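Quick note: the coordinates plus some simple rules give every number you see, no bench work behind them. It should be emphasised that the depicted structure is a prediction, and the values quoted were computed from it without experimental measurement. Here the Cβ positions follow ideal geometry from the backbone for every residue, glycine too, while neighbour counts run over all protein chains shown.
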Amino acid sequence: MPDRGGGPTGPRIRVGRPSRRARTLLMTVGVLAVLGMAFIMFAGFWTDWLWYRSVRYSSVFTTTLWTKAGLFFVFGLLMAGAVGLNIWLAHRMRPPLSAMSAEQQSLDRYRMGIAPYKKWLLLGITALVGLISGASAAGQWRTWLLWVNGVPFHQKDPQFHLDVSFYAFDLPWYRFLLGFGFAATVLALIAAALTHYLYGGLRLTSPGSRATAAATGHLSVLLGVFVTLKAVAYWLDRYGLAVKSSDFKATGDWTGLRYVDANAYLPAKTILFCIAAICAVLFFATLWRRTWQLPVIGFGLMVLSAILIGGLYPAIVQKFQVQPNEQAKEAPYVEKNIEATREAYGIDGAQVTEYAGKSDNKNQGKLREVADATASIRLLDPNVVSPTFTQLQQMKNYYAFPTNLDVDRYTKDGKDQDTVVGLRELNLEGIPASKRNWINDHFRYTHGFGMVAAKGTDAGGNGQPVFTESNLPTSGDLPSYEQRVYYGEKTTTYSIVGGPQKEIDYPDDDGEKTTSYQGKSGVSLSNPVNRAAYAVAFGEPQILYSGAIGDGSRILYNRTPKERVEAVAPWLTIDGDAYPAVVSGRIQWIVDAYTTTNGYPYASRTTLGDTTADSLTAANTQRAVVAQQNQVNYIRNSVKATVDAYTGEVKLYQWDTKDPVLKTWMKAFPGTVKDKSEISQPLMSHLRYPQDLFKVQRELLTRYHVKDAPTFLSGSEVWQVPDDPTNESNNAVPPYYLSMKMPDQQAQAFSLTTTFTPNGRDNLGAFMAVNAEAGTSDYGKIRILKLPTSRTVDGPKQVQSQFNSEQSIAESIRLLKGGDSQVEYGNLLTVPLEGGLLYVEPVYVRGGQLKLPLLRKVLVTYGGHTAFEDTLDQALTKVFGAEASTSPPKDDGGGNSKPTSGDPKLQQALSDAKKAFEAGQEALKKPDFTAYDKAQKDLADALKRAEEAQAAADKSGGGKNADSKSSDSKSPDGKNADGKTTDSG
C-alpha cells in the first residue's frame with residue numbers, strides 16, 4: 001500500500017482500499033437507492049393506471065402513454081443516430097498521425113486521454129442528446145395524433161385553396177419535423193466539426209490547407225442538408241402566412257395575409273426557396289469540386305437575398321403602395337378576415353337588428369303588462385347570496401356553499417322557473433382544530449350533503465331567499481335523489497371510504513348519523529401493492545399500515561368535476577363554471593368543454609384566459625378558466641360532460657356533431673365520447689349555453705359584428721364590454737342568465753345576456769342575448785339589438801350613476817347604511833321592452849352580527865322614470881304608473897302569500913306559521929341552529945295545514961280544483977300527494 005505524509009521522525013499513515021464490509025455497505029446503499037427511485041417512478045405510473053381503470057377510461061391512458069413512448073424512442077433514436085453517426089464518420093475520416101501539423105500534435109494529450117473511453121464517450125453523448133430530444137418529441141403527442149387522425153373541414157382557405165385541416169392538423173406537424181431536422185443537423189455539424197478538429201481533419205492556425213478533403217466533403221454535406229431544410233422552411237412559410245399573427249394599426253392583432261403579404265412576402269418566400277435550393281446543390285457539389293468557393297458565395301447570396309427580398313422589399317411596398325391608399329388595398333383581405341373569424345368563432349349567424357332604445361308606447365298599463373310577460377326578472381343574485389345560503393342552510397361548519405351559486409331551471413306546476421342552486425359541500429377547514437387529524441380528515445369527514453335551491457325571481461318579506469329545497473336532509477320541490485356529495489368543486493383532498501371506519505353522514509337531532517360508502521368509485525386498497533403505491537404517491541406512510549384500512553376500503557381522489565373531465569379528456573379545454581343539477585335521482589355536475597385550434601386561416605386570435613376574465617373571475621379564481629392562456633382562433637362547445645356527485649362517473653357526450661376537431665379526437669380516442677342521441681331528456685332540460693364561450697364570442701363581436709371592410713377599417717362601429725357598474729373592480733361585467741324574450745321571440749327563453757358600449761364611451765351601444773335553452777330549435781342563436789348612433793341611450797354605468805346620484809335614492813341608501821350595515825348591489829339586469837330598455841337591480845343590505853346579505857330594495861328605471869321600492873312589483877308599478885292586471889297576493893312577511901279566506905283553521909295555521917317564522921329569525925340571531933331547525937319544521941307543518949285549509953275552502957267555494965296539489969307536500973319517496981313523481985327537469 002502507498003504511504004502518505006510523515007517525515008523522518010513523524011508517524012506514517014497507511015492508506016488503502018476500503019474494506020470488503022465498507023464496499024458491500026456502499027453497494028447495498030446504492031442498490032437500495034436505485035430500487036427506491038424505481039419504486040417511486042413505478043408508484044406514479046401504477047396509481048395513474050389504477051385511476052384511469054377505475055373511471056373506465058383506461059384507453060385514454062394507454063393511447064397517450066404509447067404515443068408518448070413511441071415519439072420518445074423514435075425521435076430519440078433518430079437524434080442519437082444522427083449525432084453518433086457523424087461522430088463515427090468524422091473519426092473514421094481522420095488523417096494519419098504522420099500528416100498532422102504541430103498544432104494538431106499539441107492536441108495529442110487530449111486524444112490519448114479519451115482513447116480508452118472512446119466508445120463510452122460516444123455512447124454517453126448520443127444517449128444524452130437522444131434523451132433530451134425524445135423527451136421534447138414526447139411533448140408533441142397532441143400534434144402527432146391530430147396529424148395522423150385529422151379529418152377534413154370541407155372548407156378551403158381563400159389564398160391557397162387548401163382545406164383548413166392542412167393548417168389545423170398538418171402544418172403544425174410539418175413544422176415540428178422541420179424544427180427537429182434543424183436541431184439534428186446543427187448538433188451533428190457541431191459534433192462532426194469538433195471531432196475533425198480533434199483528430200486533425202480541421203486546422204485553425206497551421207499553414208497550408210485548413211481542412212482535409214474528407215472533412216470538407218463531410219461538413220459540406222451537413223451544410224447542404226441545413227440549407228435544404230432552410231429551403232423547405234421558406235416553402236412552408238408561404239402557407240404560414242395564412243395563419244401568421246401581425247400587428248395591424250387599423251384593427252390591432254391580425255391573422256392572415258394582408259396586401260403586403262400577398263404581393264411582397266409571398267413572392268419573396270418563393271424566390272428565397274429557389275435560391276436556397278440552388279445553394280444546397282452547391283454545397284453538395286463540394287463532394288466533387290473539393291472547394292468552398294461556390295457554396296460560400298451561394299450562401300452569402302442567400303443571406304443578402306433574405307435581407308433585400310425578404311425584408312427591404314416588403315417594407316418598400318408597405319410604404320409606397322399600401323400606406324397612401326390603405327383602405328382600398330387592404331379591403332379584400334379584411335373581408336376574408338371578417339368571414340373567417342365569424343365562422344371560426346361561431347358568430348357568423350349572429351342576427352343584428354336596429355333597436356330604437358326609446359319606446360313610443362304611451363299606454364302605461366300596456367307597458368306594465370308587457371313587462372311582466374317579457375322577462376322573469378331574477379332578483380336573487382347568485383354572486384351575492386352565497387353568505388345567506390351559508391347562514392341559513394349550512395347547518396354545520398364542516399359544510400360550505402360555493403362563493404358563486406348557479407342559476408338553473410326547474411319545473412313546478414308545469415312551468416319552468418329560474419332557480420338559484422348550490423350544493424352543501426364538505427369543508428374541512430370548518431372542523432375544529434382539536435378534531436383535525438388524519439383519520440377525521442380522510443376517513444370520517446368525507447362528503448357533503450344535499451342541494452339547496454331558492455326561487456330566482458322572488459324573496460321573502462324579510463329579504464331572505466324563498467327556498468324551494470332546504471334543510472338537512474333536504475326536502476322541497478325537488479324529487480327524491482341521492483344527496484351525498486363525494487365529488488364537488490370544494491373537494492380537493494383524498495378520502496378513504498368503504499372500509500371498517502364509519503363516515504359522518506349528516507347531523508340530526510340525535511347527533512350525527514354515520515354511513516359507509518356503497519359506490520364502486522375510487523381504487524381498492526385491499527391489495528398491499530396498491531397501498532404501498534399510494535403511500536408513496538401521496539407521501540403518507542399511514543396508508544400502508546393503518547388499521548382503519550381493510551376489506552372494501554377505496555381511495556377517492558381527483559374529485560373536482562373539472563379535474564376529472566380534464567383527466568379523461570386531456571384534449572379538451574374546460575369551461576370555468578361547472579354547475580350541479582338533479583337528474584333522474586342523482587346530482588350530476590354538468591361541465592362544458594371546448595375543442596380549439598390556433599390554425600384556422602385568416603381568423604383572428606384571442607387569448608382565452610384574458611377574454612373570459614370578468615369581475616367574477618377576479619373575485620373568485622375558482623371560476624377562472626383553467627390553463628387557458630394559450631391563443632386560439634377557433635372554438636366550439638363540442639362536448640357536454642357530466643360527473644356524478646356520488647359515484648364520480650364521468651360521461652362525455654358529443655354536442656357539436658359537425659365539429660371536425662372533435663371528430664379527429666374521437667378518431668384518436670375511440671369509444672370515449674358518447675353519441676348526442678344518448679343525452680336523456682331530464683339531462684337535456686338542464687343543459688345551457690356556456691358562459692366562457694359566450695364571453696369569447698362577445699369579445700369578438702365588439703369588432704366583428706361589422707361585415708363590410710370600409711366600416712371595419714374605420715373603427716367607427718367598435719364596441720367594448722363595459723366594466724361592472726356594481727363594483728369598483730374595473731373588470732368586465734359578467735354575462736347573466738335570465739328567462740326573457742327578445743323582440744322577435746314569441747315566448748320567454750332561458751338566455752344569456754350582456755351589453756356593449758361604444759369604444760371609449762359609457763352610453764349603450766348594443767344589447768346581446770343568446771338562447772341558452774338546450775333542446776330548443778334556436779338554441780345558440782345570437783341576437784344583437786344595435787342602438788342608434790344619432791342619439792345616446794344610457795348604458796349600465798350611467799344608469800348606476802343615476803341611481804347613486806338621485807337625491808331620494810341616495811338618502812334611502814344612506815339610511816340603509818345606518819349603524820354597521822353595508823349596502824351591496826346585485827346584478828344590474830337589462831331587458832329590452834317595447835323599444836326601450838328596462839333596468840332592474842336588487843339592493844342587498846348586510847347588517848347585524850351575521851352580516852348575511854338580505855334583499856331590501858329594488859331599483860328600476862325605464863324611459864327616464866326611476867323607482868326605488870321594497871319589491872319589484874311596487875317598483876314596476878311606480879315606474880309605469882299602473883299596477884299589474886293580476887296583482888299577486890300580499891306577502892305575510894315570510895315570503896308566503898295571504899289568502900283572503902276567513903276560515904278559522906286557515907287563520908290559525910297562518911298565525912302558527914308567523915310564530916314559527918319569527919322563532920326561526922330569533923334563532924338565527926343567536927345563532928342557534930337546533931332551534932332554527934325546529935322552527936323550520938313547525939313552519940313547514942303550519943304551511944301544510946294552511947294549504948289544506950285553503951284547498952278545502954276553494955273546493956267549497958268553487959275556486960281551485962280539489963285535485964290540485966302543491967308539489968311541496970312531497971312524501972319521503974319523492975312523490976306528490978297524488979302519487980306522481982315530481983318532474984326533475
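The angle separating the long axis of helix 171-198 from the principal Cα axis of greatest extent in the chain is about 30 degrees. As a rough footprinting exposure proxy, the listed residues W88, W254, W46 were ranked by other beta carbons within 10 Å of their own, and the order from fewest upward is W88, W46, W254.
Could you compute the FRET efficiency for Q155 and E335, with r as their C-beta to C-beta distance and R0 at 22 Å, rounded to 0.05?
Values: r = 16 Å, r/R0 = 0.73.
Here the calculated transfer efficiency is 0.85.
Its residue count N fixes a reference of 2.2 N^0.38 Å for the stretch 212-344, and the Cα radius of gyration divided by that reference is 1.35.
Grab the Cα-Cα distance for T411 and F45, subtract it from 0.36 nm times how many residues apart they are, and report the gain in nm with one decimal. If you can, show how the numbers build up before the last one.
Details: separation 366, 0.36 × 366 = 131.76 nm, distance 4.66 nm.
Contour length minus the Cα-Cα distance gives 127.1 nm.
Tell me the angle of helix 293-307 to the major Cα principal axis of the chain, expressed in degrees between 0 and 90 and rounded to the nearest ten. Taking Cα atoms only, the helix is inclined about 20 degrees. Put in order of Cβ neighbour count within 10 Å, fewest first, the listed residues M666, M37 become M37, M666.
Would the stretch 293-415 count as rounded, prolate or oblate if I go by the C-alpha gyration tensor, calling it rounded below 1.5 in a/c and otherwise prolate when a/b exceeds b/c, oblate otherwise?
Details: a/c = 4.62, a/b = 1.99, b/c = 2.32.
Here the stretch 293-415 falls in the oblate category.
As a proxy for reagent exposure, ranking M93, M27 by other Cβ atoms within 10 Å from fewest up yields M27, M93.
Computed from the C-beta positions of N325 and D253, the FRET efficiency with R₀ = 22 Å rounds to 0.45.
Phi-derived couplings, Karplus 6.51 cos²θ - 1.76 cosθ + 1.60 at θ = phi - 60°, listed residue by residue for the stretch 500-516: x, 7, 6, 9, 6, 8, 6, x, 9, 5, 9, x, 10, 6, 10, 8, 9 Hz, with x used for Gly and Pro. Using 0.36 nm per residue and subtracting the Cα-Cα separation, the extra length available between N397 and H91 on full extension is 102.7 nm. Relative to the longest principal axis of the Cα atoms of the chain, helix 796-805 runs at roughly 50 degrees. Close amide H partners of D458, meaning residues 5 or more places away or on another chain with modelled amide H under 5 Å apart, are L379, L380. When the Cα convex hull of the chain is projected onto planes of every orientation, the mean area is 57.5 nm².
Reducing the stretch 428-451 and the stretch 141-169 to their Cα centroids gives an inter-centroid distance of 50 Å.
Against the empirical 2.2 N^0.38 Å (N residues), the stretch 39-206 has a Cα radius of gyration ratio of 1.49.
When the stretch 787-842 is described by a simple charge dipole with +1 on each Lys and Arg Cβ and -1 on each Asp and Glu Cβ, the residue from L828, T792, Y839 located farthest towards its positive end is T792. Spin-label model, T492 to L304: label points 7 Å out along the Cα-to-beta-carbon direction sit 6.3 nm apart.
Segment S246..E429, full-extension length gain: 61.0 nm, with 0.36 nm per residue of separation and the alpha-carbon distance subtracted. Amide H to amide H, with H built 1.01 Å from N, G836 comes under 5 Å of S359, counting only residues 5 or more places away or on other chains.
The mean sequence separation of alpha-carbon pairs under 8 Å and at least six residues apart, normalised by the residue count of the chain, gives a relative contact order of 11 percent. Put a plus charge on the Cβ of each Lys and Arg, a minus charge on the Cβ of each Asp and Glu, and nothing anywhere else: the dipole of the stretch 642-774 about its Cα centre is then about 420 debye.
Checking the cross-link pairs K358/K412; K269/K695; K412/K914; K786/K857 against a 28 Å limit on the alpha carbon distance flags K358/K412; K269/K695; K786/K857 as lying beyond it. Note on T291 and W120: their simple-model spin labels are 4.7 nm apart, each label 7 Å out from Cα toward Cβ. Taking the empirical scaling 2.2 N^0.38 Å for compact globular proteins as reference, the stretch 492-558 has a Cα radius of gyration ratio of 1.19.
Label A747 and L77 with points 7 Å out from Cα along Cα→Cβ: what is the distance between them in nm? About 6.5 nm separates the two model spin labels. Computed from backbone phi, the HN-Hα couplings of the stretch 20-34 come to 4, 5, 5, 5, 5, 4, 4, 5, 5, 4, x, 4, 4, 4, 5 Hz, rounded to whole numbers (Karplus: 6.51 cos²θ - 1.76 cosθ + 1.60, θ = phi - 60°; Gly and Pro given as x).
Would you please give the FRET efficiency between A373 and T353, computed as 1/(1 + (r/R0)^6) with r the Cβ-Cβ distance and R0 = 35 Å, to the nearest 0.05? List each step's numbers first, then the result.
Details: r = 20 Å, r/R0 = 0.58.
Given R0 = 35 Å and the Cβ-Cβ separation, E is 0.95.
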